[in-house]
Amino acid sequence: MSRKSWLAVIGVGPGTPEYLTPAACQAARAAEILVGGRRALDLFADLPREKQVLGGDLEKVYTFLQEVRPRPTAVLVSGDPGFYSLLGWLRRKFPGEKITVIPGISSVQLAFARLGRGWEGAIFLSLHGRPLTTLAPYLPRLTEKSVQLALLTGGSNTPAALGSYLASHGLADLMLWIGWELGTKKEGTIWLTAAELASSVLPAAGVVLMGYEQE
C-alpha cells in the first residue's frame, strides 16, 4: 500500500471557475489547509478551510509548511504544477516526501487551444527570471523556420523586450502570436511581427508562440 501524503500541489489553471477541474476541487476539499495566491484562494472562498496567502518570500512558506506538517495541506498554483511552478521547489525542500500532484490547465495549453493547433512539436521555454539569451541557440532555426517555440514572458522580459531582442538579431519580420490573461475576462490575443511587438504595450506575463503561420 502506498503511503498517504500530507502535502498536495493543485493546479488551478488560469484562476477562473470554469477552468477549475473537479479533481482540483476534490483535492482542495480533502485538505485542512489551503496555501496559495489571493486569486487562487478566492476560487475556494466558500470552502471553510484554514487559508494562508502565498507571498514572494518562499522561505516563509517553507517555515509555515514545516509548522503545519503533517496536517493535510494543499498548495494552489496557477496553471499546471508540472510546468514552471513551485512543484520543483517543494520537492527540493521536502526530499523523499510523497507529494500528491493534481494537474491543471496551463496558459500554454490555452494558447494552443486559442490558436487551434497541436503543441506536440513545440519547444517550451520560460523567460521569466531567465536571460533573453536563452533564445540564442534557436535564432538560426527561427530564421530557417525549422523550429516552433512556446515562450512564457514575465518580469523584465516583457513581450516588448522579447520583440526588441528578436528584431536586433535580424528577426524583425518574424510573425509572433501573443496571448495574455488567457482564460479570464481580460484575455487578449494578437499577431504581431517582432518589430511591432517591440513597440507594443502589453502585459508583462504572457505566452508567445513562434514559428507558426498566421491563417
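Considering only alpha-carbon pairs that sit under 8 angstrom and 6 or more positions apart, the relative contact order computed for the chain is 21 percent. By the helix-only formula, in which each DSSP H run with n ≥ 4 contributes -39500 (n - 2.57) and the sum is divided by residues, the chain has a 222 nm mean residue ellipticity of -7500 deg cm²/dmol. Taking a ≥ b ≥ c as the square roots of the eigenvalues of the Cα gyration tensor of the stretch 48-109, is the shape rounded (a/c under 1.5), prolate (a/b larger than b/c) or oblate? Prolate is the answer for the stretch 48-109, as a/c is 1.5 or above and a/b outweighs b/c.
Name the shape class, rounded, prolate or oblate, that the alpha-carbon gyration tensor gives for the chain, where a ≥ b ≥ c are the square roots of its eigenvalues, rounded holds for a/c under 1.5, and otherwise prolate holds if a/b is larger than b/c and oblate otherwise. It is prolate, given that a/c is not under 1.5 and a/b is the larger ratio.
Annotation note: GluC sites (Glu not before Pro) in the stretch 1-92 located in DSSP loop regions with a Cβ neighbour count of at most 10 within 10 Å are absent. Answer rounded, prolate or oblate for the stretch 117-166, using the Cα gyration tensor with square roots of eigenvalues a ≥ b ≥ c: rounded when a/c is under 1.5, else prolate when a/b is larger than b/c, else oblate. Oblate shape, in that a/c is at least 1.5 and b/c is the bigger or equal ratio.
Using a Förster distance of 45 Å, how high is the FRET efficiency between LYS98 and ARG141, based on the Cβ-Cβ distance and rounded to 0.05?
0.65
Using only alpha carbons, build the gyration tensor for the stretch 7-105 and give me the equivalent ellipsoid semi-axes, biggest first, whole Å.
Details: eigenvalues 71, 43, 32 Å².
Result for the stretch 7-105: semi-axes of 19, 15, 13 Å.
Please report how far the C-alpha centroid of the stretch 103-171 lies from that of the stretch 174-215, rounded to the nearest whole angstrom. After rounding, the separation between the Cα centres reads 10 Å.
Every number in this text was worked out from the coordinates using simple rules, so none of it is lab data. All values reported here derive from a predicted model rather than from experimental measurement. As a convention, Cβ positions derive from the backbone with ideal geometry for all residues, glycine included, and neighbour counts pool all protein chains shown.
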